[in-house]
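Heads up: the structure comes next, in structure tokens.
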Amino acid sequence: MSDEPFPALPEPLPAPVFDSHCHLDLVGLPVEEQLASARAAGIARIVTIGVDLESSRLCAETAAEFDDVYAGVAIHPNDTTGVTDAVLDEIAALAALPHVRAVGETGLDYYRDWAGKGDQHRSFRAHIDIAKRTGKALVIHDREAHDDVLSILADEGAPERTVFHCYSGDADMARICADNGYFMSFAGNVTFKNAEPLRDALRAAPLDLLLVETDAPFLTPVPNRGRPNASYLIPHTLRLMAEVKGVDLAELCAAIDANGVRAFGPW
Ligand SMILES: [Zn+2]
Ligand SMILES: [Zn+2]
């Protein structure tokens, strides 16, 4: 997160989309304000994502309060050291709530070694099970752990709807995700200068499995890289994505909105 001021409102999108992964509680602005600026930019809905028990509770409350917000609940892989069954049971109870539409972010993070692989694997498997039991989408955080994420998913049997948040695999992995029907959610880092491998993955990803997200307050897209991020900045990411895919921006917005309904259910 940055101390710099929030960037200006980009040119609004031609059709409504939603932000599939945002941390409304970490952005540092009131939720009403975040929703208003998002709407002004064409972002009609937001999935706010928990990373521990406290933020998961908060996300579930926010989703119950605001019509345009859904929640994801989970223990982030970085926070899984010694995670107890009691904590996982509470995540499962939250996941069953009607406004909670995702179990996430869960997954594996080998970039940071804040939690050991044993704890991360056990927690990821438990979250897969919760997603299947509650019928909610599984939202995966996969950082430098592609092979193990894919093999644990195959081993457990993936939930009906599985989303790779902040997709970071290459084009080959995008084809594996496509074969399995996994959604790929692209974040602002797809606009970064050095992200050509990620843009190759985007080229390989089918339109009907694409999602877009901010992961706000992180990963602010170009031309505002380094400034704070919020949902209203999605148009920068989507315009670049439309260019890379060679599709009309309005067509991309419509596809992503429809994919969001398939992933997270009707709003
Ligand atoms: Zn993440
Ligand atoms: Zn996140």
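Structure notes:
- Simple point charges give the picture: +1 on the Cβ of Lys and Arg, -1 on the Cβ of Asp and Glu, and for the chain a dipole about the Cα centre of about 440 debye.
- Listed residues G82, G116, G42, most fluctuating in the chain (Gaussian network, C-alpha, under 10 Å): G82
- The trypsin sites (Lys or Arg not before Pro) of region 61-155 that meet both conditions, a loop assignment by DSSP and at most 15 other Cβ atoms within 10 Å of the site Cβ, are R112.
- Kirkwood radius, region 1-134, all distinct C-alpha pairs, inverse of mean reciprocal distance: 15.7 Å.
- Mean projected area (nm²) of the alpha-carbon convex hull when region 113-267 is viewed from all directions: 9.4
- Length released on extending from V222 to S151, taking residue separation times 0.36 nm less the Cα-Cα span: 22.2 nm
- 21 Å tail of the calculated P(r), region 82-173, as % of Cα pairs: 27
- Stretch gain in nm, segment E196-D3, where the contour uses 0.36 nm per residue and the Cα spacing is subtracted: 66.6 nm
- ³J(HN,Hα), Karplus 6.51/-1.76/1.60, whole Hz, each residue of region 67-82, x for Gly, Pro: 4, 8, 10, 10, 10, x, 10, 4, 9, 4, x, 5, 10, 9, 4, x
- Efficiency of FRET between W267 and R122 - r from beta-carbon atoms, R0 30 angstrom, step 0.05: 0.35
- Local electrostatic count at I152 - Lys and Arg +1, Asp and Glu -1, tallied over other residues with Cβ under 13 Å: -3
- Mean Cβ count within 10 Å, highest first, over the residues of peptides 146-159, 186-199, 43-56: 43-56, 186-199, 146-159
- Of A15, A205, A131, the one that fluctuates the most in a GNM where the chain has Cα springs shorter than 10 Å: A15
- Estimated FRET transfer efficiency when R0 is 51 angstrom, pair E11-A64 (beta carbons, to 0.05): 0.95
- FRET efficiency for A242 and Y111, using Cβ-Cβ distance with R0 set to 35 Å, rounded to 0.05: 0.75
- Rounded to two decimals, the Cα radius of gyration of the chain over 2.2 N^0.38 Å is 0.92.
- Going by neighbour counts of Cβ atoms within 10 Å, the residues Y182, Y70, Y110 line up, fewest first, as Y110, Y182, Y70.
- Summing Cβ point charges (Lys, Arg +1; Asp, Glu -1) relative to the Cα centre of region 91-248 gives a dipole of roughly 500 debye.
No lab work stands behind these numbers, since they all come straight from the coordinates. This one's a predicted model, so the numbers in the text were calculated from it and none came from an experiment. Every residue, glycine as well, gets a Cβ built from its backbone with ideal geometry; the counts of neighbours run over all protein chains shown.
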